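Asker: Have a look at this one.
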Amino acid sequence: MPSSTSSFERVIPDLPWRRLALAAALLTTVATVAWEWRVRAWGYAPTLNDTTDLWAQQREKVGADSLVIIGDSRAHFDLDLDELERGLGRRPLQLAIDGSCAYPILADLASDERFHGTVICSVVPLMFFAPGGPLIANSEDALKRYHTRTWAQRSGHYLGMALEEHVAFLKQDDLTLEQLLKRLPIPNRANAQIAPPFPPYFDTLDRERRARMIEQCAQPGPLQDHIKFGWPALYTPPPPPSYVPKEAFLEGMGKAIEARFHDAAAAVQKIRARGGKVVFVRFPNDGELRKIEDAATPRAGPWTRLLKDTGAPGIYFEDFPELANFRCPEWSHLSAPDSVGFTKRLVPHLKKALAP
Amino acid sequence: MLFNSLTFVVFFVLVTGTYWTLRSWEARKNLLLVASYIFYGAWNPPFALLLFATTTLDFWLGDRIAAVPPAARRGWLVASVTVNLSMLGFFKYGNFLLENFQWLLGRVGVAYQPPHLDIFLPIGISFYTFHSLSYTLDVYRGATQPTRSLRDFLLAVSFFPQLVAGPIVRAADFLPQCAAPPVPRPGRFGWGLLLMTLGLFEKIVLADTLVAGSADAIFSYGGPLASLDAWTGVLAFSSQIFFDFSGYSTCAIGAALCLGFELKDNFRFPYGAVGISDFWRRWHISLSTFLRDYLYIPLGGNRTGPWRAVLNLVIVMFLGGLWHGAAWTFVVWGLLHGLCLAVEHALRNLYKNIQWTMTRGGQLLLSALTYLTVCFAWVFFRAADFPTAARLIRAMIGLFPHGDAILSTREIIQVGCVTAGLLLAHWNMRDTSIEAAVARLPRSLLLTLWTLMLCAIILTQGNGHAFIYFQF
């Protein structure tokens, strides 16, 4: 066979390419505008996606004595950054991640030798003590992005934010082709092990990652019910894998949870040894979800042990009437106005817990 | 910088706009060179220096090879091959070699704990090493003259459309295009844009959105799988790797066309192949022709007797497998292909006059067999280790009657539709080209398809998944 060593010319189909390209661009623009109009009619509004890039951008701002919020979606929704700044004298950095375990982030801050600031860590025991799976992966993905971000990813992030702030259909967790396909009502096989679906869009996000529940979710209605009744499945631990004996699985889980207590204590100790502070907070929950969480992880269990092992102060919402009286419209998070009131009432307790 | 990112869209618009505004051909090439290094440096700037250093060295070595008497040429070529492959070996195979060395010593009772080298693999190193190496090899073979322009050679190796994931463009194909500005050709820019759209559609919509999730779920599952799920996962990967890699190549060809450069096809409907040798004439053509011209033929090809030809094939496919990654699973994948090529070679000699193999039905049957063989080999290519591959193969042949069902019906339907569409398209287009097929389409249908692809890309919102071949 001859070697391929000479220049050549590609065939170009003989078509009116300029007209075709312009027509395709025009039709695509019309279709895109129509789609934007449709999703706005459904109640969607422009807001940022909670991407690992946005998280990494905030993580990069963490200085030696920063005030940092870590944990799950409750810390993300329920804390107002303005009220915290007013009360604690420093603008906090929001690093809580929805549907995540806080431990990898805590460990990362502990291993950051520069850091001797203050950490407010939300604890939902079912999430904080997750031995692996998506809860850990969500935190690790964000950390990986922070540690390995390229210039191309940075610029893509800034361009993406500029678009997301003006275009409503750019919702990566809700309106992508993949998410739309997932909505198709196709029944699964009886024996299929399918993870429960995540809740749809119900919050807005700004460049500081301040999450606010949208009004449509705060008021009773189909969206609120959809989210509310989706939590029990998400908060029910999956059954042991078929290929691991139950006893071995439970033993492994027990060891992993013990290791998490130990590792969390070590991380807190590292931060405190450098002069930093850590406070754990149990944010409000409600309805059936509170029953599920209390049954699976009673307060006397992991929460009490975590405070004892780490020696860090803790604030449990039920201990204080001014915190316990808040209601979560969809059982897990506070509405946007309530998050401001809640933070205002939480600040004195934080001050007390963080006092020397 | 990923093709499927907003950064690239802005980068490409700026570079292309400026490029066609400049009048001077030299200025245009300077712009492309700077843009290509920005494109590469946006991942990790220090590695752009490594790219520059190795390319410059090959430029100089190419010059030496041409300048010295024939008897001394071999030494300079060996220097080029040694430097290029050593660099590739260090970055890509350093830890792999150490781990295997440790294992070997362990077999003879020597306990050795090698240091783990914290090596960060420069993206696309396997591709640009071959781009660069092809130059010194071609100068040595007399297939091309050494270029006098370092800038042109730097551009040939680093030209951003093909820099990190191919096609492997030989300097001999690219350098002549640097000699003069591209001759205006009607439709080149528009056709380039359509190819870029098609490539992005393949990558973002077909690979990442419709099949990648199923492939990832199946290949990362630690337990026994139901046969349906295992097959779905393997078929999903067979579609994913085609659309991912072909999507990149198509984008690269389209982007190059928009800039007036012409790159050769890297895929020619490979799942319509009849036989493994036909498959390799259609899959990753730039790699298979590279290995043919620079390895198989120098080893003697099929000119040195049937047994030596078989051995040559196996050596080539062994190294081809290793080129893809530093793991024994890739080696097994390559060897499986080498073995299949050898068996096919023997069968062709034994049964060359069998009529039914020439009928359409016979060809279809052989094509289906080829596809199943390729899918079986993909298991080793994608699996993280041999236990995973073995578990998956056992599931595929039904050895786990009560295996776990982990895919949703929607995912199975998606994979089924994409795979069926892919096989149908490849079978029907195996004797034609994308250009011929597009030229035959009614304009209204072409416009509708182009618009639908653009809308689907926008709807998918560019998830920013890296291309599979970046890791190679």
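Asker: Could you look through the stretch A:1-40, keep only residues that are among the small types (Gly, Ala, Ser) and at pLDDT 95 or above, and pick out the one that is farthest from B:SER286 (Cα to Cα)? Reasoning before the result, please.
Answerer: Pass one, the stretch A:1-40, residues among the small types (Gly, Ala, Ser): A:3-4, A:6-7, A:21, A:23-25, A:31, A:34.
Imposing the further condition that a residue be at pLDDT 95 or above reduces the set to A:21, A:23-25, A:31, A:34.
Numbers: A:ALA21: 30, A:ALA23: 34, A:ALA24: 32, A:ALA25: 33, A:ALA31: 38, A:ALA34: 43 Å.
Result: A:ALA34.
Asker: Determine whether B:THR129 is within 14 Å of another protein chain (Cβ to nearest Cβ) and of a type in the set (S, T, N, Q).
Answerer: It is false that B:THR129 is within 14 Å of another protein chain (Cβ to nearest Cβ) and of a type in the set (S, T, N, Q).
Asker: Among the residues of the stretch B:311-336 satisfying the criterion of being more than 23 Å from B:LYS92 (Cα to Cα) and touching a Leu at 6+ places or on another chain (Cβ under 8 Å), which is most open to solvent (accessible area, probe 1.4 Å)?
Answerer: The selected residue is B:LEU313.
Asker: Show the residue pairs meeting these rules: Cβ distance below 8 Å; 6+ apart or different chains; first residue within the stretch A:264-290 and within 15 Å of A:ILE69 (Cα to Cα) and open to solvent by 10 Å² or more (accessible area, probe 1.4 Å); second residue at pLDDT 95 or above and of a type in the set (Val, Ile, Thr).
Answerer: Close Cβ pairs satisfying both conditions: A:LYS277/A:THR118; A:LYS277/A:VAL119; A:LYS277/A:ILE271.
Asker: Something else about it: Residues of the stretch A:223-263 being more than 14 Å from chain B (Cβ to nearest Cβ), open to solvent by 50 Å² or more (accessible area, probe 1.4 Å) and of a type in the set (Phe, Trp, Tyr), which ones?
Answerer: A:PHE229, the sole residue that qualifies.
Asker: Within the stretch B:247-283, how many residues are more than 17 Å from the chain's Cα centre (by Cα) and free of Cβ contacts under 8 Å to residues at least 60 places away in the same chain?
Answerer: The number of residues fulfilling the criteria is 0.
Residue by residue, here is whether (1) surrounded by fewer than 24 Cβ atoms within 10 Å (Cβ to Cβ); (2) on the phi < 0 side of the Ramachandran plot; (3) of a type outside the set (D, E, K, R); (4) not assigned by TED's automatic domain parsing to the domain that holds B:ILE458 holds:
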| residue | (1), (2), (3), (4) |
| --- | --- |
| B:LEU150 | yes, yes, yes, yes |
| B:GLY166 | no, no, yes, yes |
| B:VAL169 | no, yes, yes, yes |
| B:ALA172 | yes, yes, yes, yes |
| B:VAL183 | yes, yes, yes, yes |
| B:LEU194 | no, yes, yes, no |
| B:LEU200 | no, yes, yes, no |
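Asker: Follow-up. Let me spell it out: the conditions are (1) surrounded by 18 or more Cβ atoms within 10 Å (Cβ to Cβ); (2) at the interface with another protein chain (Cβ under 10 Å from one of its Cβ atoms); (3) more than 30 Å from B:CYS178 (Cα to Cα), and A:THR29 meets all of them except one. Which number is the exception?
Answerer: (1)
Asker: Still on this structure, please answer the following. Out of B:PHE47, B:PHE91, report the one residue that is surrounded by 15 or more Cβ atoms within 10 Å (Cβ to Cβ) and touching a residue at least 40 places away in the same chain (Cβ under 8 Å).
Answerer: Exactly one of B:PHE47, B:PHE91 is surrounded by 15 or more Cβ atoms within 10 Å (Cβ to Cβ) and touching a residue at least 40 places away in the same chain (Cβ under 8 Å), namely B:PHE47.
Asker: With touching a Leu at 6+ places or on another chain (Cβ under 9 Å), open to solvent by less than 70 Å² (accessible area, probe 1.4 Å) and touching a residue at least 40 places away in the same chain (Cβ under 8 Å) as the only criterion, which of B:VAL415, B:VAL374 stands out?
Answerer: None of the others qualify; the one that does is B:VAL415.
Asker: Still on this structure: Just wondering, is there one or more residues in the stretch B:72-86 that are open to solvent by less than 20 Å² (accessible area, probe 1.4 Å) and in contact with a His (Cβ under 9 Å, 6 or more places away or on another chain)?
Answerer: No.
Asker: Now for a separate question. Can you tell me which residue is surrounded by the fewest Cβ atoms within 10 Å (Cβ to Cβ) among those in the stretch A:79-99 that are out of contact with any strand residue (DSSP E or B) (no Cβ under 8 Å at 6 or more places or on another chain) and either without any contact (Cβ under 8 Å) to a residue 40 or more places away in the chain or in a helix (DSSP H, G or I) (or both)?
Answerer: That would be A:GLY89.
The values are calculated or read from the model by the stated rules, or taken from the named source; none is laboratory data. Predicted model only: the values in this text are computed from it and were never measured. Positions of Cβ are generated from backbone atoms using ideal geometry, with glycine treated the same way; all protein chains shown enter the neighbour counts. The accessibility values were calculated without ligands, DNA or RNA, using every heavy atom of the protein model including side chains. Shrake-Rupley method; radii C 1.70, N 1.55, O 1.52, S 1.80 Å.
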